[in-house]
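Taking it in order: structure first as structure tokens, then the write-up.
Just so it is clear, none of the values below were taken in a lab; they were calculated from the coordinates. Quantities reported herein were computed from a predicted structural model and do not represent experimental measurements. Reconstructed Cβ throughout: ideal geometry from the backbone, glycine too, with neighbour counts over all protein chains shown.
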Amino acid sequence: MPEELYGIPGLKRLILSNNLLTGTISASVGNLSLLTDLWLGNNLLTGRLSSDIGRASLLENIIVGHNQLTGPIPSDLGNLQKLEYADLSNNVFTGDIPTSFFSLPGLKILYLNNNNLIGSIPPEISNAPALRDLYLNGNLLSGVIPEVLPGALLTLGMFKFLVSLCS
């Protein structure tokens with residue numbers, strides 16, 4: 001992807017999904033201080049997702065699913081306090097699920113399915129105040145499913161668990 005894209009100072013939305021784009025997602029994406037939407041899904045992007053993405057502080061929606069991204073998911077995504085929707089599915093991400101996701105106040109939907117994530121589902125999931133949908137199927141996770149907040153809807157694989165609000 002051309003480095004020049006990351007030098008547009010007023011850029012709010014970068015929508016390039018469903019193309020045949022190759023290359024990497026530059027660390028310069030963190031310089032886009034007004035960026036709210038980063039849609040790069042369904043391309044042929046490779047390499048690691050830089051921790052510098054955590055500097056794009058206004059980011060609300062990130063879609064990088066259906067690429068060939070590798071390495072661990074940066075815990076710096078937990079710096080994105082306005083993040084509501086994150087699709088990192090169908091890549092080759094490895095390592096543990098970053099617990100920083102579960103402290104984001106507005107994160108509603110998180111797709112981490114079909115990667116090579118390992119370990120257990122973090123118990124911090126019970127701290128996720130707005131999380132409605134969590135997709136973790138198609139990974140190498142093990143252990144128990146943690147207790148969750150009442151009312152939270154989790155989609156784990158082909159199963160949906162709906163925990164009713166206690167009255």
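Structure data summary
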read-out: Residue list for region 90-116, given a label point 7 angstrom along the Cα-to-Cβ vector of S75 and an amide N cut-off under 15 Å; value: 95-104
read-out: Normalised contact order of region 78-127, rounded percent, pairs of Cα under 8 Å and 6 or more residues apart; value: 46 percent
read-out: Pair I15, T94: separation of 7 Å Cα→Cβ label points (nm); value: 3.6 nm
read-out: Those residues of region 53-95 whose amide nitrogen sits under 15 Å from the label point placed on L5, 7 Å along Cα→Cβ; value: 53, 62-69
read-out: Cβ-derived FRET efficiency at R0 22 Å, K108 paired with V144, nearest 0.05; value: 0.35
read-out: Globularity ratio of the chain, using Cα Rg and 2.2 N^0.38 Å; value: 1.02
